[in-house]
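Chemist: Here it is: the structure, laid out below.
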Amino acid sequence: MLRTERLDLWQPAATDLAGLHSMVAPEAVRRFLGNRPTTMAEESARLLRNAGSWALYGYGTFVMRPRDGGAILGICGVFHSWRGFGDGLDDVPEAGWILGEASWGQGLAGEAMRTVLAWFDETHGTRRIACMIEEGHHASVRLAHALGFEAYAVHQEEGGERPLVLLERLNAGQPRERLP
């Protein structure tokens with residue numbers, strides 16, 4: 001577990017499934033997650049991927065809760081990714097965050113991600129971390145920039161509604177790694 005001023009960040013557990021599903025169920029939350037309805041099966045697959053990243057790589061997505069306990073506010077972290085479309089997002093650490101509507105505009109994602117990135121750097125060493133954000137999600141792009149991520153490409157997924165802005169956080173003082 002990691003702790004911030006206002007949050008407890010936990011590794012995912014099987015008991016989180018219902019809370020995660022209800023957090024992403026509102027259309028406003030899914031707007032920049034492919035903008036499609038979610039199912040319990042899809043959220044179970046996301047939970048299993050996140051838990052698998054922890055098991056295989058020693059890092060993954062955290063479940064965010066208020067420090068005093070309570071319902072899930074969101075998920076955030078650095079997880080191992082293989083998106084299948086290259087562009088520097090295959091077989092790499094990837095940062096991401098999803099917050100429930102009630103948590104928007106409070107700075108919680110930034111608070112959590114600063115703590116997660118510091119933990120990741122200390123535990124796994126500073127290295128390139130990728131991130132992808134659907135075009136038009138201005139709040140997430142602002143946060144990514146504040147966390148040290150810079151855009152390096154745009155990717156249009158087949159059947160995707162909006163292009164994905166691909167960002168990366170590079171090793172401080174090191175030259176840009178060559179992307180596959």
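The values are calculated or read from the model by the stated rules, or taken from the named source; none is laboratory data. What you are looking at is a predicted structure, and each value in this text was computed from that prediction instead of being measured. Virtual Cβ from ideal backbone geometry, glycine too; neighbours counted across all protein chains shown. Surface areas here come from the heavy atoms of the whole protein model, side chains and all, with no ligands, DNA or RNA. Shrake-Rupley method; radii C 1.70, N 1.55, O 1.52, S 1.80 Å.
Chemist: Of all the residues that make up segment 73-89, how many are within 15 Å of the chain's Cα centre (by Cα), surrounded by 14 or more Cβ atoms within 10 Å (Cβ to Cβ) and over 15 Å from residue 4 (Cβ atoms)? Steps first, answer last, please.
Modeler: Our first condition is that a residue be within 15 Å of the chain's Cα centre (by Cα); within segment 73-89, this holds for 73-83, 89.
Next, only the ones that are surrounded by 14 or more Cβ atoms within 10 Å (Cβ to Cβ) stay: 73-81, 83, 89.
Still in the running and over 15 Å from residue 4 (Cβ atoms): 78-81, 83, 89.
The total comes to 6.
Chemist: Would you mind stating whether residue 28 is under 20 Å from residue 141 (Cα atoms) and out of contact with any strand residue (DSSP E or B) (no Cβ under 9 Å at 6 or more places or on another chain)?
Modeler: On the way: under 20 Å from residue 141 (Cα atoms): yes; out of contact with any strand residue (DSSP E or B) (no Cβ under 9 Å at 6 or more places or on another chain): yes.
Yes; evaluated as a whole, the condition is true for this residue.
Chemist: Scanning for something touching a Pro at 6+ places or on another chain (Cβ under 9 Å), farther than 18 Å from residue 113 by Cβ and surrounded by 14 or more Cβ atoms within 10 Å (Cβ to Cβ), does segment 22-30 turn up at least one residue? Please lay out each step first, then the result.
Modeler: Step one: filter segment 22-30 for residues touching a Pro at 6+ places or on another chain (Cβ under 9 Å), giving 25, 27, 30.
Narrowing further to those that are farther than 18 Å from residue 113 by Cβ: 25, 27, 30.
Those still in the list that are surrounded by 14 or more Cβ atoms within 10 Å (Cβ to Cβ) too: 25, 30.
There is at least one residue in segment 22-30 that is touching a Pro at 6+ places or on another chain (Cβ under 9 Å), farther than 18 Å from residue 113 by Cβ and surrounded by 14 or more Cβ atoms within 10 Å (Cβ to Cβ).
Chemist: Moving on. Name every residue in segment 2-12 that is more than 19 Å from residue 122 (Cβ to Cβ) and either open to solvent by 40 Å² or more (accessible area, probe 1.4 Å) or without any contact (Cβ under 8 Å) to a residue 12 or more places away in the chain (or both), in order of residue number. So that I can check it myself, show each step before the final result.
Modeler: Our first condition is that a residue be more than 19 Å from residue 122 (Cβ to Cβ); within segment 2-12, this holds for 6, 12.
6, the sole residue that qualifies.
Chemist: Only one of (1) in contact with a Ser or Thr (Cβ under 8 Å, 6 or more places away or on another chain); (2) free of Cβ contacts under 8 Å to residues at least 40 places away in the same chain; (3) open to solvent by 30 Å² or more (accessible area, probe 1.4 Å); (4) within 29 Å of residue 18 (Cβ to Cβ) is not met by residue 93, so which one is it?
Modeler: Going through (1) in contact with a Ser or Thr (Cβ under 8 Å, 6 or more places away or on another chain); (2) free of Cβ contacts under 8 Å to residues at least 40 places away in the same chain; (3) open to solvent by 30 Å² or more (accessible area, probe 1.4 Å); (4) within 29 Å of residue 18 (Cβ to Cβ) one by one, residue 93 breaks only (3).
Chemist: For segment 34-48, name all the residues that are open to solvent by less than 60 Å² (accessible area, probe 1.4 Å) and either in a strand (DSSP E or B) or of a type in the set (A, V, I, L, M) (or both).
Modeler: Within segment 34-48, 45, 47 meet the criteria.
Chemist: Go over the candidates 136, 173, 160, 148 one by one and state the one that is at pLDDT 95 or above and assigned to a loop (DSSP other than H, G, I, E, B). Show your work before the answer.
Modeler: On the way: 136 fails: at pLDDT 95 or above; 173 fails: at pLDDT 95 or above; 160 fails: at pLDDT 95 or above.
Just a single option satisfies the conditions, and that option is 148.
Chemist: List every residue pair whose Cβ atoms lie under 7 Å apart, where the two residues are 6 or more positions apart in sequence or sit on different chains, the first residue falls within segment 25-45 and is modelled with pLDDT of 80 or more, and the second residue, located anywhere, is among the polar types (S, T, N, Q).
Modeler: Close Cβ pairs satisfying both conditions: 25/38; 30/38.
Chemist: Can you work out which of the residues in segment 125-142 that are of a type in the set (A, V, I, L, M) and open to solvent by 30 Å² or more (accessible area, probe 1.4 Å) is nearest to residue 104 (Cα to Cα)?
Modeler: To start, the set of residues in segment 125-142 that are of a type in the set (A, V, I, L, M) comprises 129-130, 132-133, 139, 141.
Then keep just the ones that are open to solvent by 30 Å² or more (accessible area, probe 1.4 Å); that gives 132, 139, 141.
Details: 132: 19, 139: 10, 141: 14 Å.
Ranking the qualifying residues of segment 125-142, first place goes to 139.
Chemist: Now for a different question. Here are some residues: 83, 128, 65. Which one is touching an Asp or Glu at 6+ places or on another chain (Cβ under 8 Å), touching a residue at least 40 places away in the same chain (Cβ under 8 Å) and farther than 22 Å from residue 153 by Cβ? Explain how you work it out, then say what you get.
Modeler: Numbers: 83 fails: farther than 22 Å from residue 153 by Cβ; 128 fails: farther than 22 Å from residue 153 by Cβ.
The unique qualifying residue is 65.
Chemist: Still on this structure: Quick one: in segment 49-82, of everything that is of a type in the set (Lys, Arg) and not in a strand (DSSP E or B), which residue is farthest from residue 8 (Cα to Cα)? Before the answer, list the steps.
Modeler: Taking segment 49-82 as the starting set, the residues that turn out to be of a type in the set (Lys, Arg) are 49, 65, 67.
Filter once more, so that each one left must be not in a strand (DSSP E or B): 49, 67.
On the way: 49: 21, 67: 5 Å.
Ranking the qualifying residues of segment 49-82, first place goes to 49.
Chemist: Right, here's the next one. Being outside any helix (DSSP H, G or I), surrounded by 14 or more Cβ atoms within 10 Å (Cβ to Cβ), touching a residue at least 60 places away in the same chain (Cβ under 8 Å) and in contact with a Lys or Arg (Cβ under 7 Å, 6 or more places away or on another chain), is that true of even one residue in segment 105-124?
Modeler: The answer is no; no qualifying residue exists.
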